[in-house]
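Colleague: Handing you this structure, nothing more for now.
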Amino acid sequence: MNIRSTLQQDVQGQARVRTGGKLLGKKIKSQYQLLLMSIPFVIILILFSYVPLWGWIMAFQKYSPGKGISGSPFVGFDNFIKLFHDDRFFLVLRNTLVMSILSLVTSFVGAITLALLLNEVKHVLFKRAVQTITYIPHFVSMVVIANIVITFLSPDGGFVNQILMATGIIHEPIYFMSKGEWFWGIHTLTVLWKELGWSTIIYLAVISGLNPETYEAAEVDGAGRFQKIWHISIPGLLPTATMLLILSLGSIVNTGYESQFLLGNSLTTDFYEVLDLYALNISFGSGQYSIGVALSIFKCVVSLILVLSVNKLVKKAGQASLF
Amino acid sequence: MRRKLGAGDVTFNILNYMFLAALMVCTLYPFINLLAISLNESTDTLRGQVYLWPNALTWDNYRVVFQNEMLLGATLRSVARTVLGTALSLIGSVMLAYTLSRKEFFLRKSINLIMVISMYISGGLIPTYILIKNLGLTNSFWVYIIPGLISVFNVIIIRTYFDQLPDGLVEAARIDGANEFQTLFRIVIPVSMPVLATVTLFVSVGHWNSWFDNYMYNTRDNLNLLQYELMKILMQSTQQVTSNATGSLSSESLRQITPQSIRATMTIIVTIPILFVYPFLQRYFIKGIMIGAVKE
Amino acid sequence: MKKSIITGLALMLSASLFAGCGSSKTDENADTGSGVTNYSMQVWDSSWKWDNAINQKLEEKTGVKMDYIPVIDSGSNATGKVDVWLASGDYPDIINDSPLTIGKYKDAGAVIPLEELIDQYGPHIKEKFGKYYDLLKDDEGHIYSLYGVNLATEPSPDSQASFIVQYDVLKEAGYPEIKTLDDLYAVLESYYQKHPKTDDGKEIIPFSGISGGLLDINPALNAAGLPDHGFYEIKDNKVNFAMTNDYAKQYIKFLNKLQNTGMLDKEVFSLNAETEGAKISQGRVLASYIPGWLMKGYEKSIIASGQFDKMYAKLPVMQSAGMEDHSNGMPPTSSSTNLAITTKAKHPEKIIQMLDYLFTDEGQVLANWGIEGKHYDVVEGKRVRNKDFDAKLQADPSVAVSEGLQGPFNRFTFGNGAKLSDGDYATPITKDYVVSTYDSTTKEVLAKYGKQTWADFMAKPEIYPAMLWQLNTPEDAKPIAIKLEEIWHKEISKAILAKSDAEFEQKWNETVAQIDKNGKDELNQSMTEVWQNFMERYNKAVK
């Protein structure tokens, strides 16, 4: 499929060199249906995603809504400098990256594993029940989830401590939430628990779209359960998985701060503070919008570099890529 | 299918079922807990001993939430938004994804690039607001539908699925004289039900849960959605805790509703309808296989 | 099947089109025919509705009707909607926000000066502000926003100190005077030794608290007898970051001592209002620092469970015996969420006339007491809350909102305890009323101390020109303030957990060093400037 498409593009490329504009007119004519199907939506996309980008000017201003873009003074790269200048920035960047990567990996491995396990379940009702129930926590707000986690891990009669004490593993209750170095683990597990079922849905859909004849043929050939998973299911999931991986690598710096903030406390500050929270704290003056926009430009640059380069790598490796 | 199960298979099945059952218990807990809290007297909930069932059963929390006379209209509008928004978004995404899966489409690369970049950029709230205001979309139902019509993420998901379809499918249809629209709607869509069901779920959940666009762009009560009305009730109960104007403390004043109880009740109310969407869509996960098999 | 889906879709489509059609512009201060003018107004509480008896009366009296537009995205640091309005020129007729936001609107020329309108249409505003009237003016003599003036000279009868001690602990110790942290420690220790567990076998927590400012900042300053200027103290007209002072250290040392004797809550750093509330309502917490607005919710839960001896006394606790208590500071105005009129408003004089009405005795009675015969009665020449209405209010506090007794115009109250020209109180929160809401156990406990209300325990109120948090923090200082607060919480937690005195000293010194390093002086300097500028204006205005 890839070879073919590249070939085709090459042919197109040569054609373009040769005949230029004429060919374009011809193409529009022959592909007008495809244009009709795409252009209106591309226009909407450009309108709502690209047109507001004039707001990026604010990142180079000391913007105040009262003065507006035209009246606010330009400050060059001040806002970016403010953002990067103190040493805390790197600590915060570390926290952001570590928590992002941990969540990314666990969510990928978890979702694909769960999809494969569910695919092995032949009992339809049970399968549907598992699917429906595991995705419920997605709808529960993080405030509630965080409170449940903190209560479960509480040293004052929390469930986990009670179990550990009853089984004699520990004698004094552990204050889990006070340990900075445990925060990343607790945070990762909490997010995994909340989002696992939700992120599995897409893989389930892809597996059920795979051709059952392939499975039957493999069975005739005497393939076992794990061989079928390894040779049919996983390769079938691979294009979607790769795609999602590239996309989520792009948002590795976009963590939000709600889950970290709600689970963290003054003892774990150095481990939970992420980029978005940090920006909120420094931007509390009225340069607010400017710093916020500066951060979003920074994140955009990081994201695009990541997405485009990973995409290139993947393409080189011969896998399905974004474009 | 009729193959005899080996000992290893049986062990695997048992372990698998046990693991999944355990997972269900874990993930069901927050919901059960919220259900219990929503059915419990809020003053008792405050004591923090509610886990799996209500200690002091009451419908008060629901009564307080449903007291809001705006709720019915808001629910209807939320349903309208979800149905209409999902339908339009799905149609748009499918068409866009289809054109991008056609290798010979000459704008394919450019559109792909425009799409992917758009996922990671944002001009911020102020320019977006000004744009939406200038388009005349403030105080209008369409602000719920149009700006978010195309979700690039979903388009990419659909396109990836289309790319995986057997190569001959589209070509054969085109050679048979079907135009692009016919090919898409008669040939491609019927064999793509699993992914379309998934995207339907993603989009409808997104629409159902949104309230920020309502809050930001529409100030009229007759455009308010369920999520926003509930959000306001939650805010109100939070305000009540912090207000001391009534300043009264007597044993009759037990009907005070806490934010915690309201939050639980709200979550139950908005989650239950959306929970029914998924089982309904699940059947397409299986149907897709059969159509796929027939087609080959 | 297919047909029904299509029909359904078509129905939805037409329904939504219908909904969309309602959006043609009809307002613009429409005169609704009866001489009533509509104004759009920003409010902070989405439950507030214009549509109730009290506002109806206000509308009749003043010919003004408000369309509330809720803004719920943040506290007094308005971001989001209010700023977006300004940037897009799409703001309502009335803005109701912090001085900071109103400053932005002023810079953009979006709000109008009010002084001439007040001269012409606001005689009562002028009269009631009296010597504080000029405080409304900025340096150029313009008034851009309005707020209430505090005419009360005694503390609100429903105010209370924030250190709380369980009745049971006081009873067991024979109702001693608890004046200092040492007194508090002693009663807690002796009670805890005798009762390590509650009657139903749960662990007792001698001292607990909500993490953040309520654990370490507010109680430390409160115990030092300082008025609430945030985490600053003002001395000799200079503002200082207060948390590195010795009194703060003493309070943290108190927490450290509790920690090392096992009397501090094991998870004190991760408790929020909800989880702390649970512990308190279970009757397991002996003492804590919880402000009244939170306490009232918790106590409802304790009362519901019928454990009246597990309720709490609210006592001012000082660091040491000789210390003076100046914590009960009262500013002369209620400036913080202020009302401004934008250039969109047609006939702004009508709004001023309406506000002026709220400054009359009649307006105060309407806004605070409600309607005679419905919300209050006059008994022997004095206003009292209507019995039926009071019962309804006790059963469901949200009635105050739905009836219109709570709303954006409450900011213009003269204050609980203030008197109108008829010699009667301006608001229903009178001492008698507050006493009538107490249960019998509370009355007994109060009687042991010879007091009638918790407010009686508080220090004599002192009028301060303003509280520092009412003034705008300069934009450069705000990030420093936030940073110092974060550092403080982070570092001081380690000091609270210190195992020995030496370790405590070391952690304390580290905290101070960190604070010094991260811009304390800069913060002090800019806050001092803010204060001195204000004081200059204040001294000029209030001769």
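Colleague: Restricting region B:212-225 to residues that are at pLDDT 90 or above and more than 9 Å from every other protein chain (Cβ to nearest Cβ), which is farthest from A:Leu244 (Cα to Cα)?
Modeller: The qualifying residue farthest from A:Leu244 (Cα to Cα) is B:Asn224.
Colleague: Under 7 Å between Cβ atoms, which residue pairs at least 6 apart in sequence (or on different chains) link something in region C:515-541 that is within 12 Å of C:Lys238 (Cα to Cα) with a partner that is open to solvent by less than 20 Å² (accessible area, probe 1.4 Å) and among the acidic types (Asp, Glu)?
Modeller: Final answer for the pair search is none.
Colleague: Tally time: how many residues in region B:167-192 are open to solvent by 50 Å² or more (accessible area, probe 1.4 Å) and either among the aromatic types (Phe, Trp, Tyr) or within 30 Å of B:Ile274 (Cβ to Cβ) (or both)?
Modeller: 2
Colleague: Among the residues of region B:213-231, which ones are more than 22 Å from B:Ala264 (Cβ to Cβ) and open to solvent by 10 Å² or more (accessible area, probe 1.4 Å)?
Modeller: B:Asp213, B:Tyr217, B:Thr219, B:Arg220, B:Asp221, B:Asn222
Colleague: Do you know which of the residues in region B:258-290 that are exposed (fewer than 15 other Cβ atoms within 10 Å of the Cβ) and among the β-branched types (Val, Ile, Thr) is modelled with the lowest pLDDT?
Modeller: Looking at the filtered set, the residue picked out is B:Ile286.
Colleague: Return the residue satisfying two criteria in turn: it lies in region A:268-284 and is modelled with pLDDT of 90 or more and in a loop (DSSP other than H, G, I, E, B), and of such residues it is nearest to C:Ala498 (Cα to Cα).
Modeller: Of everything passing the filter in region A:268-284, A:Thr268 is nearest to C:Ala498 (Cα to Cα).
Colleague: Residues B:Leu23, B:Leu34, B:Leu52: which one is under 30 Å from A:Leu114 (Cα atoms) and more than 9 Å from every other protein chain (Cβ to nearest Cβ)? Reasoning before the result, please.
Modeller: Values: B:Leu23 fails: more than 9 Å from every other protein chain (Cβ to nearest Cβ); B:Leu34 fails: more than 9 Å from every other protein chain (Cβ to nearest Cβ).
B:Leu52 is the lone residue from the list that is under 30 Å from A:Leu114 (Cα atoms) and more than 9 Å from every other protein chain (Cβ to nearest Cβ).
Colleague: Just need a number here: residues in region B:89-107 that are surrounded by fewer than 22 Cβ atoms within 10 Å (Cβ to Cβ) and more than 8 Å from chain A (Cβ to nearest Cβ).
Modeller: Residues meeting the conditions: 3.
Colleague: Also, I was wondering about something else. Would you mind stating whether B:Ile126 is facing chain A (nearest Cβ under 7 Å), assigned to a helix (DSSP H, G or I) and closer than 30 Å to A:Gly68 by Cβ? Before you say what the answer is, go through the steps one by one.
Modeller: On the way: facing chain A (nearest Cβ under 7 Å): yes; assigned to a helix (DSSP H, G or I): yes; closer than 30 Å to A:Gly68 by Cβ: yes.
So B:Ile126 fits the description; yes.
Colleague: Can you tell me which residues in region C:191-231 are within 14 Å of chain A (Cβ to nearest Cβ), closer than 17 Å to C:Leu497 by Cβ and in contact with a Lys or Arg (Cβ under 9 Å, 6 or more places away or on another chain)?
Modeller: Scanning region C:191-231 gives C:Ile205, C:Ser208.
Colleague: Then there is this: For region B:193-200, indicate whether the set of residues that are hydroxyl-bearing (Ser, Thr, Tyr) and at pLDDT 85 or above is non-empty. Show your work before the answer.
Modeller: At the first step, the residues of region B:193-200 found to be hydroxyl-bearing (Ser, Thr, Tyr) are B:198, B:200.
Those still in the list that are at pLDDT 85 or above too: B:198, B:200.
Looking through region B:193-200, at least one residue is hydroxyl-bearing (Ser, Thr, Tyr) and at pLDDT 85 or above.
Colleague: Follow-up question, since we're still on this one. Tell me, which residue of region B:59-88 that is more than 11 Å from chain C (Cβ to nearest Cβ) and more than 24 Å from B:Val143 (Cα to Cα) is most open to solvent (accessible area, probe 1.4 Å)?
Modeller: Only one residue tops the list, namely B:Trp59.
Colleague: Let me ask something else. Do we find that A:Leu153 is within 23 Å of A:Val98 (Cα to Cα) and out of contact with any helix residue (DSSP H, G or I) (no Cβ under 7 Å at 6 or more places or on another chain) in this structure?
Modeller: Details: within 23 Å of A:Val98 (Cα to Cα): yes; out of contact with any helix residue (DSSP H, G or I) (no Cβ under 7 Å at 6 or more places or on another chain): no.
So A:Leu153 fails the test.
Colleague: Look through B:Leu71, B:Leu39 and report the one residue that is in contact (Cβ under 8 Å) with a residue 60 or more places away in the chain and not small (Gly, Ala, Ser). Spell out the reasoning first.
Modeller: Numbers: B:Leu39 fails: in contact (Cβ under 8 Å) with a residue 60 or more places away in the chain.
Only one candidate passes the filter, namely B:Leu71.
Colleague: If you take the residues in region A:44-83 that are under 24 Å from the mean Cα position of the chain (by Cα) and farther than 17 Å from B:Tyr129 by Cβ, which one is most open to solvent (accessible area, probe 1.4 Å)?
Modeller: A:Ile46
Colleague: Examine region A:109-125 for a residue that is surrounded by fewer than 20 Cβ atoms within 10 Å (Cβ to Cβ), without any contact (Cβ under 8 Å) to a residue 60 or more places away in the chain and away from chain B (no Cβ under 12 Å), and state whether such a residue exists.
Modeller: Yes, the conditions are met somewhere in region A:109-125.
Colleague: Can you work out which of the residues in region C:99-149 that are open to solvent by 30 Å² or more (accessible area, probe 1.4 Å) and touching a Phe, Trp or Tyr at 6+ places or on another chain (Cβ under 7 Å) is farthest from C:Leu471 (Cα to Cα)?
Modeller: Looking at the filtered set, the residue picked out is C:His124.
Colleague: Can you confirm whether C:Ser526 is in the same structural domain as C:Asp228 (by TED's automatic domain parsing) and within 29 Å of C:His142 (Cα to Cα)?
Modeller: Working: in the same structural domain as C:Asp228 (by TED's automatic domain parsing): yes; within 29 Å of C:His142 (Cα to Cα): yes.
Answer is yes for this residue.
Conditions (1) polar (S, T, N, Q); (2) part of a helix (DSSP H, G or I); (3) modelled with pLDDT of 90 or more, marked per residue:
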site	(1), (2), (3)
B:Arg63	no, yes, no
B:Val83	no, yes, yes
B:Leu90	no, yes, yes
B:Ala97	no, yes, yes
B:Glu104	no, no, no
B:Asn112	yes, yes, yes
B:Ser118	yes, yes, yes
B:Ile130	no, yes, yes
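Colleague: Moving on. Hey, among the residues in region C:288-311 that are out of contact with any strand residue (DSSP E or B) (no Cβ under 7 Å at 6 or more places or on another chain) and more than 10 Å from chain B (Cβ to nearest Cβ), which one's farthest from C:Gln166 (Cα to Cα)?
Modeller: Checked region C:288-311; the qualifying residue farthest from C:Gln166 (Cα to Cα) is C:Gln307.
Colleague: Right, next: Counting only residues that are surrounded by fewer than 24 Cβ atoms within 10 Å (Cβ to Cβ), away from chain B (no Cβ under 14 Å) and among the aliphatic types (A, V, I, L, M), how many does region C:259-284 have?
Modeller: Selection size over region C:259-284: 2.
Colleague: Go through the residues of region B:155-175 one by one and say whether even a single one is over 30 Å from A:Thr214 (Cβ atoms) and modelled with pLDDT of 90 or more. Walk me through it before giving the result.
Modeller: Here is the first cut: in region B:155-175, the ones over 30 Å from A:Thr214 (Cβ atoms) are none.
No, region B:155-175 contains no residue that is over 30 Å from A:Thr214 (Cβ atoms) and modelled with pLDDT of 90 or more.
Colleague: Okay, next question. Residue by residue through region B:129-151, note down the ones that are open to solvent by less than 30 Å² (accessible area, probe 1.4 Å), in contact (Cβ under 8 Å) with a residue 12 or more places away in the chain and at the interface with chain A (Cβ under 7 Å from one of its Cβ atoms).
Modeller: Residues satisfying the conditions are B:Leu149, B:Ile150.
Colleague: Would you check which residues across region A:298-315 are under 21 Å from A:Gly55 (Cβ atoms) and crowded, with 21+ Cβ neighbours inside 10 Å and list them? Give the derivation first.
Modeller: Just the residues of region A:298-315 that are under 21 Å from A:Gly55 (Cβ atoms), to begin with: A:298-304.
Result: A:Lys299, A:Ser303.
The values are calculated or read from the model by the stated rules, or taken from the named source; none is laboratory data. These numbers come from a predicted model, not from an experiment. When we count neighbours, we look across all protein chains shown, and the Cβ atoms used for this are built from the backbone with ideal geometry, even at glycine. With ligands, DNA and RNA removed, areas are computed over all heavy atoms of the protein, side chains included. Shrake-Rupley method; radii C 1.70, N 1.55, O 1.52, S 1.80 Å.
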